[in-house]
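Working notes, structure below.
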Amino acid sequence: EAGVTQFPSHSVIEKGQTVTLRCDPISGHDNLYWYRRVMGKEIKFLLHFVKESKQDESGMPNNRFLAERTGGTYSTLKVQPAELEDSGVYFCASSLNTNTEAFFGQGTRLTVV
Amino acid sequence: GNSVTQMEGPVTLSEEAFLTINCTYTATGYPSLFWYVQYPGEGLQLLLKATKADDKGSNKGFEATYRKETTSFHLEKGSVQVSDSAVYFCALSGQGAQKLVFGQGTRLTINP
């Protein structure tokens, strides 16, 4: 069975541009999470979907970030416009329910120049 | 709020050395504690976990014991291998919450 898949693996964009990251969770996993690791620091929670609904978006840094999960399957995270401080690794994770193990993708390394 | 502090790296050891990576936490209630590992070019993988005080998580020769009195969850391995080279993250999830709070990660390099 496929694990959590993230696209692209790397992205380099200029400040002010728009980037969309995609996450395909494990099939059947209702819970989907976005995290990011900036500048080698700790990995920080961004938000949590249950199916297509945002359960917790307390970690979203500002309104330049928009996450969607239409249909409760894959999710996208759009950054518009991107700023230099958005550079980092964005991880997606999914779990069957809220008290089972979360499986992580390989991450998307975003570099804003 | 909840937080995790782990030993700063990088850590470099020789093969077969003893490993300890320290992790302490601050949390209300009774969190679950985790160690995740990220091998080069791969995603985060759950290494081990403990869900209540005095529980010991273990996997692949690694162990960590949930110590409530010292709010710690130190990772140990008796004899490391080159293949253990990776970044290790300590994390917690608060009571009733699934989202994870991570430490800053410790890069471990094992030399042959």
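Read the figures in this text as sums done on the coordinates, not as results from a lab. Being a predicted model, the structure only gives us computed values, none of them experimental. When we count neighbours, we look across all protein chains shown, and the Cβ atoms used for this are built from the backbone with ideal geometry, even at glycine.
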Original post:
All but one of (1) within 21 Å of A:Glu42 (Cα to Cα); (2) touching a residue at least 60 places away in the same chain (Cβ under 8 Å); (3) touching a strand residue (DSSP E or B) at 6+ places or on another chain (Cβ under 8 Å); (4) away from every other protein chain (no Cβ under 14 Å) hold for B:Leu92; which doesn't?
Top reply: (4)
**OP:** Residues that are more than 29 Å from A:Arg109 (Cα to Cα) and free of Cβ contacts under 8 Å to residues at least 60 places away in the same chain: find the strands (runs of 3 or more DSSP E) completely inside segment B:1-84 holding 3 or more of those.
**Re:** B:56-59, B:62-65
**OP:** Looking only at segment B:45-55, decide whether some residue is buried (at least 19 other Cβ atoms within 10 Å of the Cβ) and of a type in the set (D, E, K, R).
**Re:** yes
Original post:
With (1) away from chain A (no Cβ under 14 Å); (2) over 10 Å from the mean Cα position of the chain (by Cα); (3) among the hydrophobic types (A, V, I, L, M, F, W, C) as the list, and B:Leu100 as the residue in question, which single condition is left unmet?
Top reply: (1)
Subject >> Residue match in segment B:44-65 (condition: out of contact with any strand residue (DSSP E or B) (no Cβ under 6 Å at 6 or more places or on another chain) and of a type in the set (Val, Ile, Thr)) >> reply: no
Original post:
Of all residues in segment A:71-113, which are facing chain B (nearest Cβ under 9 Å), aromatic (Phe, Trp, Tyr) and buried (at least 21 other Cβ atoms within 10 Å of the Cβ)?
Top reply: A:Phe91, A:Phe104
Original post:
Does at least one position in segment B:34-43 carry a residue that is surrounded by 13 or more Cβ atoms within 10 Å (Cβ to Cβ) and either away from every other protein chain (no Cβ under 12 Å) or in contact with a helix residue (DSSP H, G or I) (Cβ under 6 Å, 6 or more places away or on another chain) (or both)?
Top reply: yes
Original post:
Restricting attention to segment B:48-73, which residues are under 15 Å from B:Ser93 (Cα atoms), of a type in the set (D, E, K, R) and more than 10 Å from the chain's Cα centre (by Cα)?
Top reply: B:Lys52, B:Lys68
Subject >> Hits in segment A:23-56 - residues which are more than 17 Å from A:Ala102 (Cα to Cα), acidic (Asp, Glu) and either within 11 Å of another protein chain (Cβ to nearest Cβ) or within 13 Å of the chain's Cα centre (by Cα) (or both) >> reply: A:Glu42
Original post:
Got at least one residue in segment A:51-72 being free of Cβ contacts under 8 Å to residues at least 40 places away in the same chain and in contact with a helix residue (DSSP H, G or I) (Cβ under 6 Å, 6 or more places away or on another chain)?
Top reply: yes
Original post:
A:Ser11: away from chain B (no Cβ under 12 Å) and in contact (Cβ under 8 Å) with a residue 60 or more places away in the chain, yes or no?
Top reply: yes
Original post:
Assuming A:His29 fulfils every condition listed in (1) under 29 Å from B:Gly9 (Cβ atoms); (2) in contact with a Ser or Thr (Cβ under 9 Å, 6 or more places away or on another chain); (3) of a type outside the set (Val, Ile, Thr) apart from one, which condition is it?
Top reply: (1)
